[in-house]
Structures are given as structure tokens and as C-alpha cells.
Amino acid sequence: MTKEIPRLLIGAVQGRSGKTTFTLGLLKALTDMELSVQPFKKGPDYIDPSWATFASGVQCRNLDLFMMGAERVRQSFIQHSIGHDISVVEGAMGLFDGLDVDGSNSSAELAYVIDAPVILVVNCTRLTRSAAALVNGVVGFDQRIGIGGVILNNVARARHQDILTQSIARYCDVPVLGILPKSKEIEIPDRHLGLIPAGEQDMLQDRISLLGNLVKANVELDKLLEVARNAAPVEDPKENTICVKMEQPVKIGILRDKAFSFYYPENLEALEQAGAELVKIDSMQDCQLPDIDGMYIGGGFPEVMAQQISDNRVLLQQIKERIEEGLPVYAECGGLMFLVKHILHQGQVYPMVGIFDCDVEMKPKPQGIGYTIQRVLPGNPFFAADTVIRGHEFHNSQIVNIRQELQYGFATERGKGIVPGFDGLVYKNTLAGYHHLHSDAAPQWAESLVLKAHHYKQNEK
């Protein structure tokens with residue numbers, strides 16, 4: 001059975017062309033038209049989706065070919081698109097930039113997998129007639145994808161606009177669907193890992209509204225919607241395998257606040273499907289650890305909130321005591337930083353949980369960035385030995401001052417890890433590393449964490 005799914009993928013010739021700015025404005029503009037919009041982001045990414053979720057009012061989903069594979073990407077896209085008026089996918093980097101010369105895992109490859117027309121954002125800074133050459137180059141580079149229209153970004157003045165539009169009209173068989181003026185008012189603040197998470201922005205609503213108004217005033221939305229609606233019908237996805245829930249639900253604590261916000265929604269949903277009740281914990285505000293049977297600590301920016309986290313000594317001590325008792329804990333990146341002895345940042349020392357006798361030091365440049373491939377080592381509390389798991393890492397921190405012999409849960413086949421060749425610190429039922437996983441790439445993870453929590457709960461009784 002086929003479904004009509006209006007859809008677009010927003011791409012560009014290169015990164016920092018304005019894809020995110022335009023995508024956020026488009027999501028808000030379409031939502032203001034009372035359309036139900038499903039946003040997606042070409043992963044891996046946590047931060048841009050937080051903005052897209054706010055702009056659309058619908059949970060943004062990552063689509064990542066490296067971690068999920070083409071079939072699961074297609075299934076997820078269709079599954080979450082059904083019931084919405086339009087799906088909008090924000091690409092990443094340049095349209096054809098992937099892991100190799102074949103463009104594997106590129107935004108173009110994603111557009112091909114979901115058969116989505118591409119709206120090309122062109123950064124017109126110091127560019128006039130050459131814009132036509134760029135557009136034609138993109139159109140002719142990969143015949144498997146279709147360019148449905150062009151958005152000209154950072155257009156300086158009327159004369160600049162005239163030359164750009166006339167050049168593309170004369171030399172290209174692609175319509176210009178929008179012209180966005182150069183403006184510092186629409187810039188979105190960032191830090192070392194990209195944009196600042198939406199949850200940290202006090203003026204978020206005003207900024208999103210500004211972007212929406214910009215798009216409404218400068219983009220032919222009717223024509224853009226026509227491109228989306230002309231996308232070919234797609235087949236309904238296959239039924240997803242749902243894991244069997246535990247007979248007695250367990251409670252999994254989730255550190256979720258301004259310091260810890262990097263969670264794929266699929267990971268949280270997988271835990272719930274496996275039989276977990278998710279209990280939100282604020283690392284800075286909650287003075288008592290709630291009644292939980294396990295913990296999942298995602299990534300984020302604990303270094304930014306390090307003083308507030310460190311000041312909450314009662315909670316930190318309670319977590320340490322529960323880990324010593326065997327509480328199952330899975331932690332990623334920022335979660336790893338939370339569990340070491342200290343965070344060293346800008347000349348300051350911030351005590352953390354201290355379950356691992358080592359420190360984490362923030363560095364000015366990335367220490368690990370990109371996709372990872374991890375082979376599970378014996379003694380890993382959540383995965384069978386020799387299982388291969390794909391994920392990603394993205395961090396500016398480094399483990400230092402190792403004062404004990406550490407046990408590792410992964411042998412790193414791709415990526416930096418904690419030390420060369422290894423990632424994932426293991427202590428009792430705790431696993432903490434730089435490796436971020438997606439439940440679609442590690443379906444046994446959620447069941448394993450819930451099963452460990454179930455055993456812990458039974459033993460505690």
C-alpha cells in the first residue's frame with residue numbers, strides 16, 4: 001500500500017550556508033499556516049533537532065544511514081511522517097559530503113533513500129553569476145536526486161539580487177523559490193559542538209518567530225509546497241519488532257536538564273517499550289535521588305553547569321552509593337564526565353560523582369569527532385562480547401589523571417574513545433564512555449538495561 005508523503009530535504013553546496021536558519025524559519029512558517037510538520041535531521045545530531053522540535057511543535061527525528069542503515073532510515077521516515085501534512089529534512093554539511101569519495105552517508109544519499117526533492121540553499125556572500133554555475137554543478141552531479149528549487153541566502157542588496165536571479169533564470173532549469181537578505185539579527189548562537197541547545201535560550205520564541213517571519217516574507221511557500229506534494233508516493237513500512245516488556249515495570253532515572261539534554265527520542269521510546277517507566281532527574285535541582293532501578297545519563301554540556309552540579313553534593317553522593325550497591329547505569333559522554341572524580345574547566349576543579357578515579361579536562365579543540373565502531377569486550381554489563389555497535393562521538397574533553405586500573409567495555413575499531421583502542425569504563429553494573437549509540441543500531445541495549453534494572457529491583461527486595 002502506498003502513501004502520499006509531501007517531503008523536502010534542505011541541502012547546500014557546503015556547510016554554514018544557512019540550512020539551519022532557513023529550515024527553522026520554514027518550520028515556523030508552515031506551522032503558522034496551520035500545517036502539521038514533521039521535522040527530521042540528517043544525523044548524528046542532538047542540538048539542531050532541539051531547535052526544530054521547538055519551531056514545529058513536533059518531535060524532530062534523526063535519520064542516519066551509518067548507524068541505522070538504509071532500510072531502517074526509510075522505515076523511520078515513513079512511520080513518523082504518516083499523519084502529517086509535510087515532512088522537512090535538514091541535511092548536514094555539503095549535499096554530497098559523506099564518508100568517502102562515493103558519498104556514502106551524505107545528505108544526497110539520504111535524499112535518494114527517502115526519494116525526497118532537494119531544496120538547495122546557496123550562500124551568496126561574494127557571489128553573483130557564479131551561483132548559476134554552482135546550481136548547475138549540483139543538478140548534474142548526481143542524477144538520482146532532483147533539485148526542486150533554490151533558496152538564495154545572504155543577498156546584500158537589490159543589484160546583487162538582480163544579477164543572481166537573472167543568472168539562474170538564464171542558465172539553470174531550477175526555480176528560485178526564495179531570497180533571504182543578509183542580516184545579523186537572524187544568526188543563532190553557537191559553542192564548540194555547534195548551536196547552543198534550544199533549552200538554554202531564554203529568547204527562543206522571539207528568535208524562532210523572527211526566522212518564521214523572514215521566510216514568510218521572502219519565500220514562495222505555495223510553490224515550495226507544490227514541490228513537496230509532487231514527491232512520489234512511498235510504500236508503507238514493515239512492522240517494527242517490539243521487544244517484550246517485563247511483567248513488572250522498572251523505573252529508569254534519566255538525568256535531563258540544561259546540563260544533560262542529548263537523548264535520541266528513539267532511545268527513550270525503546271526503554272519504555274522494553275518496560276521502563278522513565279523518571280526525570282535534575283542534576284542541579286533535585287536534592288534526593290528518587291526511587292529508581294537503573295539510570296541512563298546522556299550527553300550535554302556538564303562543564304557549563306559544573307559549579308551547580310558540583311554544589312548538589314547530596315545527590316552526587318547518593319548516586320555513588322547506589323552504583324556501589326549495583327545500580328545499573330549507562331552513561332554517554334557528558335554522563336561519563338558526571339561519573340569521574342573531577343571536571344577540570346577554565347582553571348577550576350569541580351568534584352563530580354567520583355565512581356571512576358580519574359578526571360576529565362576540557363580542551364579548546366575537539367578530542368573526538370565522527371562515527372564510531374565499537375567491539376564489545378568481555379565483562380561489558382549491557383552487551384554480549386564481540387557484538388559490533390555503530391555510534392558516534394563528539395567531545396572536547398579528555399580523560400586525565402588516571403589513578404586506578406580501568407576496565408574497558410569496548411575495543412574501538414573506529415573513533416578516538418577514551419584511550420587509543422578502548423572506550424567505555426566499566427565498574428560493577430555501570431558503563432560510561434564517549435560513544436553515543438542509537439537504539440536502532442543497538443536494539444539489544446534497551447532490553448539489556450531494563451533487564452539489569454529488573455534484576456537489581458528483585459535483589460533489592
Open item on the list: Checking Met67 against (1) surrounded by 23 or more Cβ atoms within 10 Å (Cβ to Cβ); (2) over 24 Å from Leu221 (Cβ atoms); (3) touching a Gly at 6+ places or on another chain (Cβ under 6 Å), only one condition comes out false. Which one?
Closed with: (3)
Open item on the list: Which of the strands (runs of 3 or more DSSP E) found entirely inside the stretch 352-397 contain at least 1 residues meeting this: among the acidic types (Asp, Glu) and closer than 24 Å to Met295 by Cα?
Closed with: 356-362, 388-395
- [ ] Under 8 Å between Cβ atoms, at least 6 apart or on separate chains: pull out the pairs that start in the stretch 422-433 with a residue that is assigned by TED's automatic domain parsing to the domain that holds Ala453 and end on any residue that is of a type in the set (Lys, Arg) and at pLDDT 95 or above.
- [x] Asn429/Lys452
Task: Filtered residues of the stretch 75-85 (kept if touching a strand residue (DSSP E or B) at 6+ places or on another chain (Cβ under 8 Å), over 11 Å from Val58 (Cβ atoms) and not hydroxyl-bearing (Ser, Thr, Tyr)) - done: Phe77, Ile78, Ile82
Open item on the list: On the basis of being under 30 Å from Val314 (Cα atoms), surrounded by fewer than 20 Cβ atoms within 10 Å (Cβ to Cβ), modelled with pLDDT under 95 and assigned by TED's automatic domain parsing to the domain that holds Trp445, does Gln404 make the cut?
Closed with: yes
Task: All positions within the stretch 450-461 that are crowded, with 21+ Cβ neighbours inside 10 Å and in a loop (DSSP other than H, G, I, E, B) - done: none
Open item on the list: Here is a check on your reading of the model: is Thr387 buried (at least 20 other Cβ atoms within 10 Å of the Cβ) and closer than 15 Å to Leu437 by Cβ?
Closed with: no
Task: Verdict on Ser76 being assigned by TED's automatic domain parsing to the domain that holds Leu120 and under 18 Å from Tyr264 (Cα atoms) - done: yes
TODO: Looking at (1) buried (at least 23 other Cβ atoms within 10 Å of the Cβ); (2) at pLDDT 95 or above, find the lone condition where Gly43 falls short.
DONE: (2)
Open item on the list: Being in the same structural domain as Gly148 (by TED's automatic domain parsing), touching a residue at least 40 places away in the same chain (Cβ under 8 Å) and within 21 Å of His392 (Cα to Cα) is true for just one of Ser87, Ser107, Ser17, Ser36. Which residue is that?
Closed with: Ser107
- [ ] Hey, can you tell me all the residues within the stretch 426-449 that are at pLDDT below 95 and either in a helix (DSSP H, G or I) or of a type in the set (Phe, Trp, Tyr) (or both)?
- [x] Gln444
Open item on the list: Which of the numbered conditions does Glu34 fail, given that it passes all the others? Conditions: (1) in contact with a Gly (Cβ under 9 Å, 6 or more places away or on another chain); (2) surrounded by fewer than 22 Cβ atoms within 10 Å (Cβ to Cβ).
Closed with: (1)
TODO: Report yes if Val101 is hydrophobic (A, V, I, L, M, F, W, C), more than 18 Å from the chain's Cα centre (by Cα), farther than 12 Å from Phe40 by Cβ and outside any strand (DSSP E or B), otherwise no.
DONE: yes
TODO: Please list, ordered by first then second residue, the pairs with beta carbon atoms under 8 Å, 6 or more apart or interchain, first in the stretch 335-351 and more than 20 Å from Tyr263 (Cβ to Cβ), second surrounded by fewer than 21 Cβ atoms within 10 Å (Cβ to Cβ) and modelled with pLDDT under 95.
DONE: Lys341/Arg403
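The values are calculated or read from the model by the stated rules, or taken from the named source; none is laboratory data. The structure displayed is predicted, hence computed values, not measured ones. As a convention, Cβ positions derive from the backbone with ideal geometry for all residues, glycine included, and neighbour counts pool all protein chains shown.
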